[in-house]
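The values are calculated or read from the model by the stated rules, or taken from the named source; none is laboratory data. It should be emphasised that the depicted structure is a prediction, and the values quoted were computed from it without experimental measurement. In this analysis, Cβ positions are derived from the backbone assuming ideal geometry, glycine residues included, and neighbour counts consider all displayed protein chains.
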Amino acid sequence: MQDKITFGKFIKSKRNEAGISQKALAEKLYVTESAVSKWERGLSYPDITMISPICSALNISEHELCTASVDENQRKIEKLAEKYKKFIAVYNIIIALGYLSAIIPCFIIFVIKQHNVSQFFILLTSLMMSASLLNVPTLIEKNKGLITLGSFYISLNLLLLSGSIYSHGDWFLMAFLSVTLGFCVVFLPFVVRCDFISRYVGKNKALVCMSADSLMILAVVACGTLTYGTTESLITGITACACVFVLAWGIFAVTRYAKINIFFKSSAVLAMISVWMFSAEKIALFFLPSNVDFSITISNDISTAKFCAIVAGISVILASAGFVFRHLRR
């Protein structure tokens, strides 16, 4: 702290600025008026436990009290923060008035006059989606990104539902699953890193994302083939997904969980690709109806067998490099 005289003058000036008498300040701090008088005359310092109450009573920071001077930088920051809060409040009020200027006349026209509720809900859910991006981030303090994303996802699906009802279509379920798949692929890796979710997921973030993506792909394929195709289309789609998932999950397991060096991992991945390319077509045809054509080709110039042999050869080379690398590290 500064010397007692300077400290006392600072206390007195801030008390006068706040318009508080010595007696009123003493009552706020639960001390005697004589104690406050001694501080201001530079005869003594307040007890260290009194720092926070004094700062609160005089509307100053602890740094200002300890240095007996006004912290101009902190004051500027506080003023800017207050201006920002006022700006956000005005911004939200203006946006809300804009929403009302659209909702009220559309409610009168669509609902009261035309009795077209579904068209009104298209407007309403469109505004909800806009609000999820323009207003929600300014109103939320904790988990801002997660809540903004969640509100946008919900409002987008409500907009799709409104459009489906208005058009008397049966496409909402397909649209919902497609949107959910897109959100899982793009945003789920970031969502699982949020503190709120990370504590439950732990070290299984990649596994959660991979599982969610796989389930949503199966759901989209199943819904699409059942809605717009036949039973054979469903079998073909699920079989194709299963074939791809075998390879994808195998690569994921090796790259994420195998405790081997990068050469062995690369070798294992290429070996799986080689085996998969060679056998996936034959295995898939075993489960598919006889009239379904399912083939895996590389190009007209390179046969699948030749491609598999090349990939297997590269896999052997990488495995050899892995043994050499492990030997050199010992």
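Quick check on my filter: what residues within the stretch 1-33 are part of a loop (DSSP other than H, G, I, E, B) and among the aliphatic types (A, V, I, L, M)? Scanning the stretch 1-33 gives Met1, Ile20, Val31.
Here is a list: Val220, Val186, Val208. Which entry is part of a helix (DSSP H, G or I) and touching a residue at least 24 places away in the same chain (Cβ under 8 Å)? Testing whether each residue is part of a helix (DSSP H, G or I) and touching a residue at least 24 places away in the same chain (Cβ under 8 Å) leaves just Val220. Quick one: would you say Glu78 is without any contact (Cβ under 8 Å) to a residue 60 or more places away in the chain and closer than 26 Å to Leu139 by Cα? Yes: the conditions hold for Glu78.
Does Ile60 satisfy the criteria of being among the β-branched types (Val, Ile, Thr) and touching a residue at least 12 places away in the same chain (Cβ under 8 Å)? Yes: the conditions hold for Ile60.
Every condition in (1) in the same structural domain as Ala89 (by TED's automatic domain parsing); (2) at pLDDT 90 or above is met by Val111 except one, and the failing one is (2). The selection criterion, being modelled with pLDDT of 85 or more, of a type in the set (Gly, Ala, Ser) and not assigned by TED's automatic domain parsing to the domain that holds Ile140, holds for Ser37.
Given the structure, is Leu177 in contact (Cβ under 8 Å) with a residue 12 or more places away in the chain, more than 27 Å from Ser279 (Cβ to Cβ), aliphatic (A, V, I, L, M) and in the same structural domain as Leu124 (by TED's automatic domain parsing)? So Leu177 fails the test.
Looking at the stretch 52-69 only, could you name the residues that are hydrophobic (A, V, I, L, M, F, W, C) and assigned to a loop (DSSP other than H, G, I, E, B)? Steps first, answer last, please.
Going through the stretch 52-69, the residues hydrophobic (A, V, I, L, M, F, W, C) turn out to be 54-55, 57-58, 60, 65-66, 68.
Answer for the stretch 52-69, where residues must be hydrophobic (A, V, I, L, M, F, W, C) and assigned to a loop (DSSP other than H, G, I, E, B): Ile60, Ala68.
The residues in the stretch 154-174 that are buried (at least 17 other Cβ atoms within 10 Å of the Cβ) and free of Cβ contacts under 8 Å to residues at least 40 places away in the same chain can be counted, and the count is 8. Against the list (1) under 30 Å from Pro46 (Cβ atoms); (2) surrounded by fewer than 11 Cβ atoms within 10 Å (Cβ to Cβ), the condition Cys66 fails is (2). Scanning the stretch 251-272 for residues that are surrounded by fewer than 14 Cβ atoms within 10 Å (Cβ to Cβ), among the hydrophobic types (A, V, I, L, M, F, W, C) and either in contact with a Cys (Cβ under 7 Å, 6 or more places away or on another chain) or in a helix (DSSP H, G or I) (or both) gives a single hit, Ile262.
Within the stretch 127-137, the set of residues being surrounded by 17 or more Cβ atoms within 10 Å (Cβ to Cβ) and either part of a helix (DSSP H, G or I) or within 16 Å of the chain's Cα centre (by Cα) (or both) comprises Leu127, Met128, Met129, Ala131, Ser132, Val136. Which residues, taken from the stretch 3-37, are surrounded by 15 or more Cβ atoms within 10 Å (Cβ to Cβ) and either under 15 Å from Ser69 (Cα atoms) or touching a Gly at 6+ places or on another chain (Cβ under 8 Å) (or both)? Hits for the stretch 3-37 are Lys4, Phe7, Gly8, Lys9, Phe10, Ile11, Lys12, Lys14, Arg15.
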